[in-house]
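Everything below concerns the one structure shown next.
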Amino acid sequence: MRGGMKTGWIAASALVLASCGGGGSPSSNGGATGGGTTPPPPPPSGNVFSIPPAESLSTAEVGTIIAQAAAEARARNAAATIAVTDRVGNVLAVFAMPGAAGTARVPAAPDGSSRDVQGLTIPSAGAAIAKAITGAYLSSGGNAFSSRTASFIVQEHFPPAPTTAGLESGPLFGVQFSQLPCSDLAARASDGLIGPKRSPLGLAADPGGFPLYQNGVVVGGIGVIADGVYGFDPNVLDRDNDLDEAIALAGTVGFEAPVSVRADRITADGTSLRYTDIEYTQISNVAGSTFAATAGALVPVTGYYAGASLLAGSAYGTEASGIRPSTAAEFSIRDAFVLTNGAGANRFPVRGGTDAGDVTTPLSAAESTAILEEAFKVMSRARAQIRQPLDSRAQVTISLVDTRGRVLGIVRSPDAPIFGIDVSLQKARTANFFSAAFAANELLAAGGEVPQFVSRTRTFLGDPNALGGASGITNRAVGNLARPYFPDGEVGQPNGPLSRPIQQFSPFSTGLQSALVLGNLGQHLQFVTGASGTDTPRNCTGLPQIAGGNSRLANGIQIFPGSVPVYRGSQLVGAIGVSGDGIDQDDMISFLGLNNAGVRVGGIGNAPTAVRSDRIVVQVGSRQVRLRYVGCPFAPFLDTAAQNVCEGL
């Protein structure tokens with residue numbers, strides 16, 4: 001949104017999207033053990049994945065977490081807003097200490113301007129919920145990521161620091177614009193205890209959000225806002241004494257992430273991630289804090305939490321949680337988990353395409369089944385990047401869509417991070433959309449500044465027909481065009497046509513990705529703050545609605561790798577998206593899974609080589625730069641030493 005186009009919803013106090021973050025390695029404190037080391041249970045007989053034991057937070061435990069965080073805030077002469085969620089995003093409590101500010105501020109752009117959601121004032125409760133959801137959603141039994149970890153992996157350079165300019169962007173660049181309040185996938189408080197729930201601000205990059213664990217199992221997250229700023233950490237070379245992070249870390253005492261899986265034990269491109277800049281030895285002894293003796297009050301948050309009492313969490317993997325093991329009738333591979341409506345019905349059963357009339361021969365149910373099964377098999381053999389111990393199996397969520405963006409099936413491994421559910425669907429829809437003949441026309445029909453991104457792309461590529469369906473475009477290629485430098489990270493080069501210029505860029509304003517959902521965010525803001533009684537619909541973006549309702553990008557777009565379009569000969573018929581592990585692993589699972597399905601059933605497969613996005617060449621000064629299609633890791637499998645597994649396919 002251009003600076004002069006902001007409407008009255010901004011003045012109200014805005015719900016904002018942020019990224020994710022983490023760092024450091026906590027020590028023990030009082031009653032804290034510094035994290036348990038409970039090993040995962042063995043897989044059931046005949047399975048390759050372990051199933052997380054059913055653990056959940058009781059109301060008493062939620063009260064203890066809040067009381068401990070509040071005790072640390074008092075010790076620091078601060079007043080905080082504290083939120084606790086369960087693993088699937090149900091808000092179990094939002095607590096405001098006496099004197100806690102009701103709002104927080106989002107930083108402006110580097111040039112001082114405020115585009116998209118930069119420079120806004122947002123509700124503190126929304127910020128705290130987003131941080132708690134971030135800690136819960138990014139974590140699993142094999143990795144513990146905080147909102148500081150998220151900050152580390154979503155910025156324009158990785159690792160982010162003044163001296164790292166010139167390096168490529170973070171591996172999860174853009175993930176902050178997921179779990180959106182308008183998502184058609186994310187459940188709402190009115191849906192009961194089923195998850196995964198939406199976040200009022202997407203995922204958060206502001207330190208002060210941590211996962212909560214019991215016996216090595218993720219059971220939720222805690223989020224804190226006390227310093228009045230909802231931002232991110234642009235410099236990982238120093239150690240911050242962050243108020244929000246200290247208070248939130250105190251809340252995790254007794255619910256710490258196991259040391260062995262914290263972000264600082266996990267590397268990406270050879271760089272250790274960060275979990276926290278605050279050590280447990282730097283916080284007060286909060287053991288014995290009780291909720292009944294804690295000054296403050298539970299506060300209602302419209303659309304998220306009634307505020308009447310502390311709530312107990314839902315045990316992940318149960319019907320009530322909204323994510324459970326599949327039945328044999330739902331999916332033949334017994335390791336799979338699916339999304340459920342809380343009453344026994346699979347929300348996204350495997351089915352054939354709904355786009356008859358739009359394509360000559362839509363995907364059949366058998367073809368959809370083959371794609372999802374073969375991708376699941378590739379995942380089951382793949383070596384994880386972001387999980388401990390080393391040589392763990394990758395765990396992801398896999399989504400399949402037709403050309404209308406309708407879901408043809410979602411399956412996942414038992415302990416894949418929750419964030420990947422929404423993100424895998426975003427990726428599938430993004431690859432489908434940008435590969436299709438309708439992309440330019442639908443973007444041109446949208447409101448605000450969205451149409452400008454079409455002309456920018458066509459000028460940038462030197463192709464007046466770009467975004468017209470001539471190329472098979474993956475999320476990796478979309479990401480190439482959505483970075484504030486092109487090629488990615490090269491300081492001094494122009495921004496990609498789907499990105500903001502670097503002077504205007506921040507994790508709160510990425511370009512087309514953020515511009516597409518501004519109207520939804522404005523409507524949701526007015527609903528949460530009480531300015532309107534109508535919430536945003538379960539349909540992101542201002543793109544035209546198609547037959548049956550909703551846009552083709554009904555949960556927004558994603559701009560980091562992990563998807564490929566599906567073709568029948570030379571015709572686009574859908575796309576597959578994968579999320580939950582390293583981006584190269586995500587790419588490989590989607591690419592090889594689709595290839596293997598084509599070999600199995602015939603007739604479908606990856607885009608023809610001649611039309612893949614890596615055939616698109618961009619003139620940059622005196623040289624030519626190709627877009628990418630996929631990037632597959634070397635020696636990726638646990639059962640073979642094969643290299644270059646995607647080569648020649």
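For volume of the Cα convex hull per residue in Å³, the candidate list reads (i) 135; (ii) 153; (iii) 183; the entry that matches the value derived from this model is (i). Taking amide hydrogens as placed 1.01 Å from N in the peptide plane, the amide H of Ile225 sits under 5 Å from those of Thr81, each at least 5 positions away in sequence or on another chain. Computed from the C-beta positions of Asn77 and Ala297 and an R0 of 22 Å, the FRET efficiency is 0.65 to the nearest 0.05.
Judged by the mean number of other Cβ atoms found within 10 Å, the most tightly packed of the peptides 534-540, 153-159 leads the ranking 153-159, 534-540. Here the peptides 61-69, 346-354, 573-581 are ranked by packing, the mean other Cβ count within 10 Å, and the order with the highest first is 573-581, 61-69, 346-354. Most tightly packed first, judged by the mean number of other beta-carbon atoms within 10 Å of their residues, the peptides 447-457, 377-387 read 377-387, 447-457. In the chain, helices alone account for a calculated mean residue ellipticity at 222 nm of -6500 deg cm²/dmol, with every DSSP H run of four or more residues adding -39,500 (n - 2.57). Note on Gln545/Val601: beta-carbon distance plugged into 1/(1 + (r/R0)^6) with R0 of 41 Å gives a FRET efficiency of 0.80. With θ taken as phi - 60° and the Karplus curve 6.51 cos²θ - 1.76 cosθ + 1.60 applied, the whole-hertz 3J(HN,Hα) list for segment 408-418 is 9, x, 9, 9, 8, 7, x, 10, 5, x, 5 Hz, x standing for glycine and proline. Gain on full extension, evaluated as 0.36 nm per residue between Ser58 and Glu449 minus their Cα-Cα distance, stands at 136.1 nm. Sequence-ordered 3J(HN,Hα) estimates for segment 602-611 from the Karplus curve with 6.51, -1.76 and 1.60 and θ = phi - 60° stand at x, x, 10, x, 5, 4, x, 3, 5, 10 Hz, glycine and proline given as x.
When only Cα pairs below 8 angstrom with a gap of at least 6 residues are kept, segment 348-626 shows a relative contact order of 24 percent.
Here's how it looks for Val573: its modeled amide H is under 5 Å from those of Val566, Tyr567, Arg568, which are all 5 or more places away or on a different chain. When only Cα pairs below 8 angstrom with a gap of at least 6 residues are kept, the chain shows a relative contact order of 17 percent.
Rounded to the nearest whole Hz, the Karplus-based 3J(HN,Hα) values (6.51 cos²θ - 1.76 cosθ + 1.60, θ = phi - 60°) of segment 251-261 follow the sequence x, 7, 4, x, 10, 5, 5, x, 4, 5, 10, with x at glycine and proline.
Taking amide H positions as modeled 1.01 Å from N, with prolines and chain starts lacking one, the residues under 5 Å from Gly511 and 5 or more places away or on another chain are Arg500.
Projecting label points 7 angstrom from Cα along Cα→Cβ for Ala287 and Thr534 puts them 5.6 nm apart.
Every read-out reported here was derived from the displayed coordinates using simple, explicitly stated rules and does not represent laboratory data. The shown structure was predicted, so the numbers you read here are calculated from the model rather than taken from an experiment. Heads up, the Cβs are rebuilt from the backbone with ideal geometry, glycines too, and the neighbour counts pull from every protein chain shown.
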